[in-house]
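Enquirer: Okay, here's the structure, questions in a sec.
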Amino acid sequence: IDLTLAALVRLRASGIKNWTYTIVGDGDQRNALERLVDEYKLAPLVRFAGAVEHADVSPYLSEADIFVLPSYREAFGVAYLEAMASGLLAIGVEGQGAAEFIHHGENGLLAKPKNSDDLADQLRFAIENPDVARSFAEAGKKTAEEDFTWPRHGKALHELYRNLVQEVN
């Protein structure tokens, strides 16, 4: 989140001010992040929603256009898939779990790890190219709906177990 805030400062400095950023969730870094928002003078544009039950996340997703989580220690990233399934453009991080299913420039965007300048570039691209961003979001929704379903997961597990049993025999 701190990287996203730094990227948003760069966006604002470049003249892009037609955005708001809602942080859904809570944790031990909230006070530090609130201080960072004040330091960066982003308070009018950033909202802390706090802890939200999983069942109550959907309205936040439906209000958004972009889901950005530049987590550089992400093993998989269910939150990205949930955002993609909701029709949002997802921005993840190169080389992390989400890069297994977010294909840069096809069904989402990927930023370099720990690089708020590159993240700002990805956000700027999405904001300045809304039709392209929308096409990536639509492709991301298709990825989530077709490749990450329970039946597909069950079939993949069945195939894995079948192959393992064949190797043992």
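The values are calculated or read from the model by the stated rules, or taken from the named source; none is laboratory data. Not measured: the values here are computed from a predicted model. A quick note on method: Cβ atoms are made from the backbone with ideal geometry, for glycine too, and the neighbour counts reach across all protein chains shown. Calculation scope for accessible area: heavy atoms of the full protein, side chains included, ligands and nucleic acids excluded. Shrake-Rupley method; radii C 1.70, N 1.55, O 1.52, S 1.80 Å.
Enquirer: When you go through GLY25, GLY92 one by one, which is the residue that is on the phi > 0 side of the Ramachandran plot and of a type outside the set (D, E, K, R)?
Expert: Of the residues listed, the single one that is on the phi > 0 side of the Ramachandran plot and of a type outside the set (D, E, K, R) is GLY25.
Enquirer: While we're looking at this one, here's another question. Could you please find all residues in the stretch 7-26 being under 20 Å from ASP56 (Cα atoms) and part of a loop (DSSP other than H, G, I, E, B)?
Expert: Those that are under 20 Å from ASP56 (Cα atoms) and part of a loop (DSSP other than H, G, I, E, B): THR20, ASP26.
Enquirer: Further, regarding this structure: Cβ contacts < 8 Å: first residue in contact (Cβ under 8 Å) with a residue 24 or more places away in the chain and more than 24 Å from GLY97 (Cα to Cα), restricted to the stretch 50-72; second residue assigned to a strand (DSSP E or B) and polar (S, T, N, Q), any location; separation 6+ or different chain. Result?
Expert: Note: pairs meeting the criteria are GLU63/THR22.
Enquirer: Which residues, counting only those in the stretch 102-123, are surrounded by fewer than 16 Cβ atoms within 10 Å (Cβ to Cβ) and assigned to a helix (DSSP H, G or I)?
Expert: Answer for the stretch 102-123, where residues must be surrounded by fewer than 16 Cβ atoms within 10 Å (Cβ to Cβ) and assigned to a helix (DSSP H, G or I): just ASP117.
Enquirer: Of all residues being modelled with pLDDT of 95 or more and touching a Phe, Trp or Tyr at 6+ places or on another chain (Cβ under 6 Å) in the stretch 82-101, which is surrounded by the fewest Cβ atoms within 10 Å (Cβ to Cβ)? Just the residue, please.
Expert: LEU88
Enquirer: Follow-up. For the stretch 61-80: of the residues being under 18 Å from ALA126 (Cα atoms) and in a helix (DSSP H, G or I), which is most open to solvent (accessible area, probe 1.4 Å)?
Expert: GLU63
Enquirer: Shifting gears a bit: For the stretch 52-75, name all the residues that are among the basic types (Lys, Arg) and under 13 Å from GLY25 (Cβ atoms).
Expert: Scanning the stretch 52-75 gives no hits.
Enquirer: Among the residues of the stretch 27-60, count how many are hydrophobic (A, V, I, L, M, F, W, C), modelled with pLDDT of 95 or more and not in a loop (DSSP other than H, G, I, E, B).
Expert: 7
Enquirer: Still on this structure, please answer the following. Please determine, by comparing only the residues of the stretch 1-53 that are hydroxyl-bearing (Ser, Thr, Tyr) and surrounded by fewer than 15 Cβ atoms within 10 Å (Cβ to Cβ), which one is farthest from ILE66 (Cα to Cα).
Expert: SER14
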